[in-house]
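Here the structure comes first, spelled out in C-alpha cells, and everything after it is commentary.
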Amino acid sequence: MGEYGELGDVQGKRVLVRSDLNVPLDGPAGERVITDDGRVRASVPTIKTLAAAGARVVVTAHLGRPQGAPDPAYSLAPVAARLGELLGQDVAFATDTVGESATATVAGLEDGQVAVLENVRFNEGETSKDDAVRGSFADQLAQLADAFVSDGFGVVHRKQASVYDVALRLPAAMGGLVSAEIDVLRRLTHDPERPYVVVLGGSKVSDKLGVIDNLLGQADRLLIGGGMVFTFLAAQGHEVGKSLLEDDQLETCREYLGRAQESGVEIVLPTDIVVDTAFPSDDREPEPRVVAADAIPSDALGLDIGPESAERFAEAIADARTVFWNGPMGVFESAAFAAGTSAVAEALTKVDGLSVVGGGDSAAAVRQLGFDEAAFGHISTGGGASLEYLEGKELPGIAVLQR
Ligand code: ADP
Ligand code: MG
C-alpha cells in the first residue's frame with residue numbers, strides 16, 4: 001500500500017491513473033454538458049502531482065453504464081475537455097481505450113503531459129465476471145503504461161479490469177484521493193469520537209441494510225430519512241400510501257429496530273413527512289403537503305421529511321463529534337422536497353468534530369443546495385465504496401494494492 005511516491009521516480013514514465021470521472025451530464029450526444037464537475041475537480045490533484053513530477057499521465061475512467069460497446073452518449077470527450085480547463089493544460093483525448101487511437105495518443109505524450117482514454121466501459125472486458133476476459137483486457141491496458149495509480153475511489157469496491165486486474169500487472173500504488181478517503185473511513189471505524197451520529201437516506205433500503213447492520217454496533221444514534229424510511233415506518237405498522245416500500249425488507253427493518261433498542265442505539269425516524277399525490281415531474285407543479293408520519297394518506301407518497309423532523313434531525317446532529325451522512329432526506333432534485341436534505345446539510349456544517357458526506361447524490365445535493373464544500377470535514381466521492389467499507393467488507397481495489 002502507499003502513496004504514489006512509493007512508485008519511485010516517475011519522471012518520463014507512463015503512469016496509468018484510474019480516476020473517477022463519472023459525472024452527471026445533460027443534453028444530446030455531441031453537445032453534452034457537465035451538470036456537476038465535483039468528481040473531475042477531486043481527480044485533479046493526483047493528476048497534477050504526477051504531471052509535475054514529469055510523468056506521462058494516462059487517465060482511464062468510466063462514464064455511465066454503456067453496455068460494453070462504444071456509445072456516443074457516454075463519451076468522455078466533454079469530461080476530458082473539462083479536466084484540461086481545471087488542470088490549465090492541454091489534455092489529449094484517445095477516441096478508444098486500448099486501440100490504435102490510445103496507442104498513438106500515449107506514444108505522443110511528452111513528460112508532464114496528460115491524456116484521457118475513451119470510456120473504459122466501452123469494452124466488455126472491463127466489467128466481465130469472467131476473470132480471463134477481464135484479464136486480457138487488463139493486459140491491453142497495462143501495455144499502455146509503466147506504472148498504475150488507483151485514484152478512483154467511487155470504483156474501488158468493484159473487481160473490474162481498470163481497478164483490480166491492471167494493478168496485478170504493473171507496479172501499483174494508491175492515489176492521493178483514494179488515500180485521503182481511506183484515512184477518513186478509518187477514522188469513522190476506529191474509535192470515532194462520540195457521540196457518533198449516522199444519517200441515512202436515499203432511495204433504496206436494501207442498498208443500505210448491510211451498513212445499518214454493522215453500524216448498530218458502533219453508532220450512538222441512527223437517523224433515517226429519504227425513500228428508505230417508509231419501509232421502517234411500515235415495519236412499525238404504519239400506512240405509507242404510495243411511498244417507496246420494499247416489502248421483502250420489512251422483517252429485517254423490524255429486527256433492526258429491536259436490536260437497536262437492545263443495544264442502546266437511538267434510532268430517530270421522522271415524525272412528519274412532506275407528501276404529494278405524484279412524483280415530481282416537469283409537467284406538473286408540485287403540491288407539497290405536510291402530514292404526520294403515522295398518518296400518510298393512501299393516495300399520497302412521501303417525498304421529504306417534514307419541518308418538525310428536519311428540526312429534530314438537526315438537534316440530533318448538533319452535539320455529535322463524528323457524523324457520517326449518506327443519502328438525501330428527500331427528492332431534493334425538486335425544490336419543493338429539498339428542505340429536509342438542506343436542514344441535515346446545514347446541521348453537518350455546524351458540527352464540532354468530523355463530518356463526512358458520502359454518496360454521489362448526497363454530494364451533488366450539498367453543492368446544488370449552495371453549501372460551501374469547505375464547511376464539511378470531508379465529502380466523499382464514492383457512496384457505494386464508503387458504504388461497503390463501513391459494512392466491514394474488503395474493497396478489491398484497495399486489497400489488490402496491499403498485497
Ligand atoms: P447517494 O448517491 O448519496 O448514495 P442514493 O443514490 O441512495 O444516494 O439516493 C439518492 C436518491 O434518493 C435521490 O435521487 C433522491 O431523489 C432519492 N430520494 C430521496 N428521498 C426519496 C423519497 N422519499 N422517495 C423517492 N426517492 C427519494
Ligand atoms: Mg446515488
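Within segment 384-400, take every residue that is at pLDDT 95 or above and not in a helix (DSSP H, G or I) and give me the one that is nearest to the chain's Cα centre (by Cα).
Leu395
Taking segment 191-209 as the search range and keeping residues that are modelled with pLDDT of 90 or more and among the hydrophobic types (A, V, I, L, M, F, W, C), which one is farthest from ligand 2 (Cβ to nearest atom)?
Val197
Anything in segment 52-111 that is under 19 Å from Val33 (Cα atoms), of a type in the set (D, E, K, R) and touching a strand residue (DSSP E or B) at 6+ places or on another chain (Cβ under 6 Å)? List them, or say none.
Hit for segment 52-111 is Arg82, nothing else.
Hey, among the residues in segment 356-376 that are within 16 Å of ligand 2 (Cβ to nearest atom) and small (Gly, Ala, Ser), which one's nearest to Phe332 (Cα to Cα)?
Filtering first and then ranking leaves Ala365.
I'd like the residue in segment 340-365 that is in contact with a strand residue (DSSP E or B) (Cβ under 6 Å, 6 or more places away or on another chain) and open to solvent by 10 Å² or more (accessible area, probe 1.4 Å) and, out of all such residues, is farthest from ligand 1 (Cβ to nearest atom).
Gly353
Answer yes or no as to whether Val265 is away from ligand 1 (no atom under 16 Å from the Cβ) and open to solvent by less than 20 Å² (accessible area, probe 1.4 Å).
Spelling it out, Val265 is indeed away from ligand 1 (no atom under 16 Å from the Cβ) and open to solvent by less than 20 Å² (accessible area, probe 1.4 Å).
With the requirement that a residue be away from ligand 1 (no atom under 12 Å from the Cβ) and farther than 23 Å from Leu209 by Cβ, what does segment 368-392 give you?
Of everything in segment 368-392, those that are away from ligand 1 (no atom under 12 Å from the Cβ) and farther than 23 Å from Leu209 by Cβ turn out to be Leu369, Gly370, Phe371, Asp372, Glu373, Ala374, Ala375, Phe376, Gly377, His378.
Could you run through segment 126-149 and say how many residues are of a type in the set (Phe, Trp, Tyr) and within 16 Å of Ala69 (Cβ to Cβ)?
Qualifying residue count, segment 126-149: 1.
Over 24 Å from Thr95 (Cα atoms), out of contact with any helix residue (DSSP H, G or I) (no Cβ under 9 Å at 6 or more places or on another chain) and at pLDDT 95 or above: which single residue out of Lys129, Lys159 fits that description?
Exactly one of Lys129, Lys159 is over 24 Å from Thr95 (Cα atoms), out of contact with any helix residue (DSSP H, G or I) (no Cβ under 9 Å at 6 or more places or on another chain) and at pLDDT 95 or above, namely Lys129.
Filtering segment 12-70 down to residues that are hydrophobic (A, V, I, L, M, F, W, C), assigned to a strand (DSSP E or B) and open to solvent by 40 Å² or more (accessible area, probe 1.4 Å), which residue is nearest to Ala142 (Cα to Cα)?
Ranking the qualifying residues of segment 12-70, first place goes to Ile34.
Need the failing condition index for Glu255 against (1) of a type in the set (Asp, Glu); (2) under 21 Å from the mean Cα position of the chain (by Cα); (3) more than 16 Å from ligand 2 (Cβ to nearest atom), just the number.
Going through (1) of a type in the set (Asp, Glu); (2) under 21 Å from the mean Cα position of the chain (by Cα); (3) more than 16 Å from ligand 2 (Cβ to nearest atom) one by one, Glu255 breaks only (2).
With (1) away from ligand 2 (no atom under 16 Å from the Cβ); (2) within 22 Å of Asp37 (Cα to Cα) as the list, and Ser380 as the residue in question, which single condition is left unmet?
With (1) away from ligand 2 (no atom under 16 Å from the Cβ); (2) within 22 Å of Asp37 (Cα to Cα) applied to Ser380, the lone miss is (1).
Please state which of the following conditions Asp299 fails to meet, knowing it meets all the rest: (1) under 24 Å from Glu285 (Cβ atoms); (2) touching a Phe, Trp or Tyr at 6+ places or on another chain (Cβ under 9 Å).
(2)
Here is a list of conditions, (1) closer than 20 Å to Gly384 by Cα; (2) within 16 Å of ligand 1 (Cβ to nearest atom), and Val197 meets all of them except one; can you say which number that is?
Result: Val197 fails condition (2) only.
Would you check which residues across segment 210-227 are within 16 Å of ligand 2 (Cβ to nearest atom) and at pLDDT 95 or above and list them?
If the condition is that a residue be within 16 Å of ligand 2 (Cβ to nearest atom) and at pLDDT 95 or above, then Gly225, Gly226, Gly227 are the ones that fit.
One residue is enough: does segment 114-126 have a residue meeting the conditions modelled with pLDDT of 95 or more, within 21 Å of Ala172 (Cβ to Cβ), open to solvent by 10 Å² or more (accessible area, probe 1.4 Å) and among the aliphatic types (A, V, I, L, M)?
no
Between Phe324, Phe332, which is part of a strand (DSSP E or B) and within 16 Å of ligand 2 (Cβ to nearest atom)?
Only one candidate passes the filter, namely Phe324.
Which one of these is part of a strand (DSSP E or B), open to solvent by 30 Å² or more (accessible area, probe 1.4 Å) and among the hydrophobic types (A, V, I, L, M, F, W, C): Ala104, Ala92, Ala132, Ala81?
Answer to the check: Ala92.
The values are calculated or read from the model by the stated rules, or taken from the named source; none is laboratory data. No experiment lies behind these values; they were computed from the predicted model shown. No Cβ is skipped: glycine too gets one built from the backbone with ideal geometry, and neighbour counts run over all protein chains shown. SASA here: full protein model, heavy atoms, side chains in, ligands and nucleic acids out. Shrake-Rupley method; radii C 1.70, N 1.55, O 1.52, S 1.80 Å.
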